[in-house]
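Report on the following structure.
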Amino acid sequence: PAVTSPCKILKCNSEFWAATSGSHHLGTEEAPEFCTALRAYAHCTRRTARTCRGDLAYHSAVHGIDDLMVQHNCSKDGPTSQPRLRTLPPGDSQERSDSPEICHYEKSFHKHSAAPNYTHCGLFGDPHLRTFTDTFQTCKVQGAWPLIDNNYLNVQVTNTPVLPGSTATATSKLTIIFKSFQECVDQKVYQAEMDELPAAFVDGSKNGGDKHGANSLKITEKVSGQHIEIQAKYIGTTIVVRQVGRYLTFAVRMPEEVVNAVEDRDSQGLYLCLRGCPLNQQIDFQTIRSAQATEGRARRKGPSLPAPPEAFTYETATAKCREKLPVEDLYFQSCVFDLLTTGDVNFMLAAYYAFEDVKMLHSNKDKLHLYERTRDLSPGNMAPSGMAPTLWVALLCLSLCWLGLL
C-alpha cells in the first residue's frame, strides 16, 4: 500500500471544524462550548506534535489555536471532551454580500471589456494529466510535483505507487496554498490525503479569513469525505477535489490571465498544468509492456510481486469502462489502461468523474472529448497518427496479453 504521513493534523482540523460548524452564530452563552472544542483541538495537535514537526499545516493550526484562544477569552485549562456535532444552517454561514468589487474577478471587468478566457486542467488515475492547453499525457511523476505555481496560488501533488514494485502511481496527497490578496483574503492552506478529504482549510476556517472580502474564497462540501469544491471568486477560479477509492483527483477552471501571472516566466515550465510532464516522466508504452512482461515472469517464478486485486482482460476492461464512458475518447482509453495496469475498478470511476468535471469546468463544450495524444511526445509515447483510438487501445492490450503468454 502507498505510504501515508504519520502526521494526523488533518484529522485534528476535521474534528474541530465538525464540532464548531456554525458556532459563530451562537450567543455568548455558548462560548464555553467553543472553548471546550478549542482545548480538544489543542490536545489533538499535541498528540501528533512529534510526527508533525516539519509540517506547514501543523504549525498553522497551532498558531491559529492560540489566536482563537485569545479572541474568545478561552482558558487553556478546562474540559476537552468533544462537544456535540453541529449542522450548518441553510446557506453559506460566512456569506458577506458587501465584498468589494475587486474581490470578484468577473465583476471587476467593465462592460466594454472582453470576457475572460477560461482554461481547464485535471489530474486523475494513473496519473493522467490534461493541461491548460488541452494536451493529454500519462505520466509517472512519482513523489511531490507542482501542478500550479503562479502569483495567486500554488498546488502540489504527491503520487505514490499503487502496488509495491508497480510502475502505476496515483495521487495520495494534495496541498493548495492561496496567497494573501489585497483586502480580499488572507493566506489559506488546504491539504487532503488518502482517507482525509477535509471540508475546511488547515486552520479550520471555510473562507478567506478576516478581511472584508473573505467570502470570495470558500469551501463547499458536496459529498462528505468524497467531493469538495473551492470557489476563489477573487481570481475567477474553481477547484474540485475528489477522493475516489483511496486516491485523489484534481480539476480546476482558471482564467488564462491568472494562469500566466508569474513573476519569472522561465519558472512556468516547472509546473505540470501549464507545460505538462517532463519528457523523462511521460509514460512510454513500450516500457509499460516490458514491465508487464517482467512482472509476469516474476510471478511465474515466485510470489515476489503482488498480483493486482482483480485481473482484467482487454474485453472485460473495455466492457467495464463502457458502463460509465460510452464515448471511446482518451478518458475511455485511460480507463482501460488503468484497469489493465492496476486491476482496481475505482480507477474507472476516477476517469468517469474526471470527465464529469471537464463537462462542468471546461469553457469550450466542443473540446470536452479528446481523441489524440499530445503531439510533442516522442513516437514511442503516442499513438501513431491516423490510427483510430479504439484500434490503438486494442493493439496495446493485445501486446500486453501476448507478452503475458510468453
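The values are calculated or read from the model by the stated rules, or taken from the named source; none is laboratory data. Nothing here was measured: the structure is a model prediction, and the numbers come from that model. Backbone-built Cβ (ideal geometry, glycine too); neighbour counts: all protein chains shown. Just so you know, the surface numbers come from the protein's heavy atoms only, side chains and all, with ligands and any DNA or RNA stripped out. Shrake-Rupley method; radii C 1.70, N 1.55, O 1.52, S 1.80 Å.
With a 1.4 Å probe rolled over the protein heavy atoms of all chains, the accessible area of L56, L370 falls in the order L56, L370, largest first. An ellipsoid equivalent to the range 131-191, defined through the eigenvalues of its Cα gyration tensor, has semi-axes of 29, 15, 6 Å when rounded to whole angstrom and sorted largest first.
Dipole check for the range 101-276: with +1 at the C-beta of Lys and Arg, -1 at the C-beta of Asp and Glu, and the Cα centre as origin, the magnitude is about 340 Debye. Model label points for K179 and K324, set 7 angstrom from Cα along the Cα-to-Cβ axis, are 3.6 nm apart. Take the solvent-accessible surface of the protein heavy atoms, probe 1.4 Å, and return the percent of it on the range 101-276 that carbon and sulfur atoms account for. Looking at the range 101-276 in its full context, I get 45 percent from C and S.
Take the Cα of E356, step 7 Å toward its Cβ, do the same at K107, and the gap between the two points is 3.1 nm. Beyond 20 Å, how much of the Cα-Cα pair distribution for the range 171-263 remains, as a whole percent? The proportion of pairs with Cα distances above 20 Å equals 34 percent.
Solvent-accessible area of T36, all protein chains in place: 20 Å² (probe radius 1.4 Å, heavy atoms, ligands and nucleic acids excluded). At the listed q of 0.15, 0.17, 0.26, 0.29 Å⁻¹, the Debye profile of the range 175-222, built from one uniform point per Cα, gives log10 I(q)/I(0) equal to -0.36, -0.45, -0.93, -1.09.
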